[in-house]
1. Looking at the range 213-252 only, could you name the residues that are part of a strand (DSSP E or B), open to solvent by 20 Å² or more (accessible area, probe 1.4 Å) and farther than 22 Å from PRO138 by Cβ?
2. Considering (1) touching a residue at least 24 places away in the same chain (Cβ under 8 Å); (2) of a type in the set (Ser, Thr, Tyr); (3) surrounded by fewer than 17 Cβ atoms within 10 Å (Cβ to Cβ), say which one SER36 fails and leave the rest.
3. For GLU142, are the conditions met, namely being surrounded by fewer than 22 Cβ atoms within 10 Å (Cβ to Cβ), within 18 Å of THR248 (Cβ to Cβ), more than 16 Å from the ligand (Cβ to nearest atom) and free of Cβ contacts under 8 Å to residues at least 24 places away in the same chain?
4. Quick test for you: out of TYR44, TYR17, TYR27, TYR81, pick the one residue that is exposed (fewer than 15 other Cβ atoms within 10 Å of the Cβ) and hydroxyl-bearing (Ser, Thr, Tyr).
5. Would you confirm, using the coordinates I've provided, whether ARG296 is more than 10 Å from the ligand (Cβ to nearest atom) and part of a loop (DSSP other than H, G, I, E, B)?
6. Does MET257 meet the test of being open to solvent by 30 Å² or more (accessible area, probe 1.4 Å), within 16 Å of the ligand (Cβ to nearest atom) and under 21 Å from the mean Cα position of the chain (by Cα)?
7. ALA332 fails exactly one of the following numbered conditions: (1) hydrophobic (A, V, I, L, M, F, W, C); (2) open to solvent by 30 Å² or more (accessible area, probe 1.4 Å); (3) in contact with a helix residue (DSSP H, G or I) (Cβ under 7 Å, 6 or more places away or on another chain). What is the number of that condition?
8. Please specify each residue of the range 51-78 satisfying the condition of being in a loop (DSSP other than H, G, I, E, B) and either within 16 Å of the ligand (Cβ to nearest atom) or open to solvent by 20 Å² or more (accessible area, probe 1.4 Å) (or both).
Amino acid sequence: MARRALITGITGQDGAYLSEFLLSKGYEVHGVVRRSSHVGFTDYRLRWLGIESRVTLHDGDLCDLSSMIRIVELVQPDELYNLAAQSFVSASWDQPILTANVTAVGVTVALEALRIARPSARFYQASSSEMFGLAQEPLQNEKTPFYPRSPYAVAKLYGHWTTVNYRESFGLHATSGILFNHESPLRSVEFVTRKVTDAVARIKLGLATELKLGNLDAQRDWGHARDYVKAMWLMLQQPVPGEYVVATGRMASVREMCQIAFDHIGADPDRYVRVDQSLYRPAEVDALQGDASKARRVLGWRPETTLDEMIREMVDADIERHSEGAMRARRARSISA
Ligand code: GDP
């Protein structure tokens, strides 16, 4: 019988790539989706990957324990991946309580649903390198002390320790993956990589003339989401649960990442990039660089896509998206004319 996976956050970037990966492994894939007024839009990432008809979606909410228990009872998953979150750092200062409810307490809800309705299932918690925040060591691994710098990171830290605590308290197979930034053409445009590649594509097509950014000196360790979801799965195949850092080990600044994107269209970033002070954050995470040697040693995992390859893939995808959009608009104009 096919193994069953339940994914919260299935309509997000990681949920979509993880679904695609688990389907390729023969899993039956189920996902939790919030009721939304944007029906037909929420699953656009699953449609982009061409897998929307191969996953089963259930209405539920991480803020609503009874809905989660009902879904876990119905699906009886072998693996639960908790990927749902208010995941945009910047927004967490504007909506700190929502962020705490979903990103922190939501982890307890998911774990309670498992403990009550399916304690034998394995649990994956999407923890984040943002928990390292004001990094206490130049290279961060599983032993590096945390220093969160945003309501989002504080909430993620609660989720991380709750996962550890449920493992130690109730013997659940609960694992926390501390993933460094991971991007793709399916990343939302509010994140800096996709904001850049989307603007670069529009500049290339003559649809934009400038790109406003905040702190160009911030440095991140950016990998590809498609590579990182494999690490999530590998973690749950281990006989014992644990914590794993997942990263490329290469750090680059926002400025360098921009350069890669502009180079790809043969343009000079200095002509287009404007620094906008309003895009700076109340507290910044200056630099993150991960040491994923445990994941390499124990899981046999390593990243397959370089930063340059990923940024070029994202620019190309955005050029395609905007070309199609422009063509549709032209067609619509000629029909109405
Ligand atoms: P995060 O690491 O989860 O916060 O991912 P983001 O992609 O949102 O931000 C990465 C870094 O890029 C942060 O240090 C931001 O301050 C910096 N950054 C600079 N300009 C921008 C911008 O216009 N948008 C975003 N999202 N980040 C920016």
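1. Answer for the range 213-252, where residues must be part of a strand (DSSP E or B), open to solvent by 20 Å² or more (accessible area, probe 1.4 Å) and farther than 22 Å from PRO138 by Cβ: there is none.
2. Against the list (1) touching a residue at least 24 places away in the same chain (Cβ under 8 Å); (2) of a type in the set (Ser, Thr, Tyr); (3) surrounded by fewer than 17 Cβ atoms within 10 Å (Cβ to Cβ), SER36 comes up short only on (1).
3. no
4. Among TYR44, TYR17, TYR27, TYR81, only TYR44 is exposed (fewer than 15 other Cβ atoms within 10 Å of the Cβ) and hydroxyl-bearing (Ser, Thr, Tyr).
5. no
6. The answer is no for MET257.
7. It is condition (3) that ALA332 fails.
8. ASP61, CYS63, ASP64, GLN76, ASP78
The values are calculated or read from the model by the stated rules, or taken from the named source; none is laboratory data. Computed from a predicted structure; not experimentally measured. All Cβ positions, even for glycine, are placed from backbone atoms using ideal geometry, and neighbour counts span all protein chains on display. The protein model used for the area step is the full one, side chains on, heavy atoms only, and it has no ligands, DNA or RNA in it. Shrake-Rupley method; radii C 1.70, N 1.55, O 1.52, S 1.80 Å.
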